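First comes the structure, then the notes that go with it.
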Amino acid sequence: MKAGRNDPCPCGSGKKYKQCCINATSKQHSDVFDDIAQTVAMNLNLTLEELNLAAQQRMAERNNRPSADFCGLTPTQMANWLYAPFSEVAGVKIRTPEDLSTSPVMRYLALIVDEAMQNDGYFKATSKGNLPAKLAKQASDLLPEFAVNQHRTNISISEFAGINEDKFNALHYSRILAEISGIIYLRSGRFHLKKAAQRQYQTQGIQAFFIPMLEAAITKYNWGYLDSFEHDVELRTFWLFMLWRLQSHGSVDQLIDDVAKAFPDLLHQLTPDEHFSSVRLLSLLIESRFIERFLQFWGFVVADPKKIFAKERIPRQASIQPLLTQTFHFTVNGH
């Protein structure tokens, strides 16, 4: 159904259609109408049926023509990536790797599941409803095994270590994903592992939960939960495009340019000030929410935090980890 001017924009920004993507859509429609006008001028005897068929053909041609703004993707492919359900995305195969030992999220989940399995399917939560300090300690001890450990940070504020769940963002993130993906639940001061999850774990191991956890991270989890950015821009809509671009070149700077070029309306949602331009604000959001607290938490990439958040212009790279290419195999544009 076509979006009205005052309806929410289909891109998921939360803004009205007239304040977001209507200009880009209007331009596409205008280009098609120009093509049709030329067709009519050259064929004055066209019937209405023939004219409708010509319009459909012109629109189909444009929708399936690679776009430079989309880094070579067609509008049809891009629409699929933006709006299709997780299980129906085209041009990419999403698989469960055989070895998940390099993924912080999945290693932390394994600790949670094992603790429940060893205690009749449940274990006691803290008075605040968090994971016990025992699990936080075990999770912290895993840090040397992860690739992200090459970039040391103060352990007291590390995303990947902490004395309790409140001070351990990656562990808290993993617990939240386990809840919203229906693996565990908190009731009467205890964390319970669902019966179905217990059976899955016994037969398939931790691999059983990789796709459900990943889908929850992409479609249900609030990406702005662990930060305090003033600007509330919904980046989840563009996750697959961003992943595709970053996997292809590994450059954080190029990724920002790719996103700004493909979705210029995102910049209109960010108010620049004397310190940061709209592009820099977009960069900070993508670096924090997409790279730092999605891709790194999962073990898909490693990025030097000193370069990511540097004020001066430093070429910034994200080191692509084997787990990323094992999980996502793109089949668009020869990639």
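Please report how far the C-alpha centroid of region 193-210 lies from that of region 220-250, rounded to the nearest whole angstrom.
Result: 28 Å between the Cα centres.
In cubic angstrom, how much convex hull volume per residue do the alpha carbon atoms of region 110-225 span?
Numbers: hull volume 13.4 nm³, N = 116.
Measuring per residue, one finds 115 Å³ for the Cα hull of region 110-225.
Using +1 at the Cβ of each Lys and Arg and -1 at the Cβ of each Asp and Glu in region 193-233, identify which of I218, I206, A196 lies farthest towards the dipole's positive end.
Checking the options against the dipole of region 193-233, the answer is A196.
Kindly sort M117, M78 by accessible area of their heavy atoms, largest first, with the probe set to 1.4 Å.
These residues rank, largest area first, as M117, M78.
Please give the direction-averaged projected area of the C-alpha convex hull for region 145-302, in square nanometres with one decimal.
11.4
For region 119-261, with all protein chains present and a 1.4 Å probe, just round the carbon and sulfur fraction of the accessible area to a whole percent. Please list the in-between numbers first.
Numbers: 3170 of 6730 Å².
Within region 119-261, the accessible surface is 47 percent carbon and sulfur.
Work out, step by step, the length gained on full extension between A147 and T331: first 0.36 nm times the residue separation, then minus their alpha carbon distance; give nm to one decimal.
63.5 nm
Test of understanding: what is the full-extension gain from I314 to E98, defined as 0.36 nm times their sequence separation minus their Cα-Cα distance?
Residue separation times 0.36 nm, minus the Cα-Cα distance, leaves 74.2 nm.
If you roll a 1.4 Å probe over the heavy atoms of the protein chains, what accessible area per residue do you get for region 195-273, in Å²?
44
The values are calculated or read from the model by the stated rules, or taken from the named source; none is laboratory data. Here the structure is a predicted model, which means the values were calculated and not measured. We place every Cβ from the backbone using ideal geometry, glycine too, and count neighbours over all the protein chains shown. Quick note on the areas: whole protein, heavy atoms, side chains included, nothing else; ligands and nucleic acids left out. Shrake-Rupley method; radii C 1.70, N 1.55, O 1.52, S 1.80 Å.
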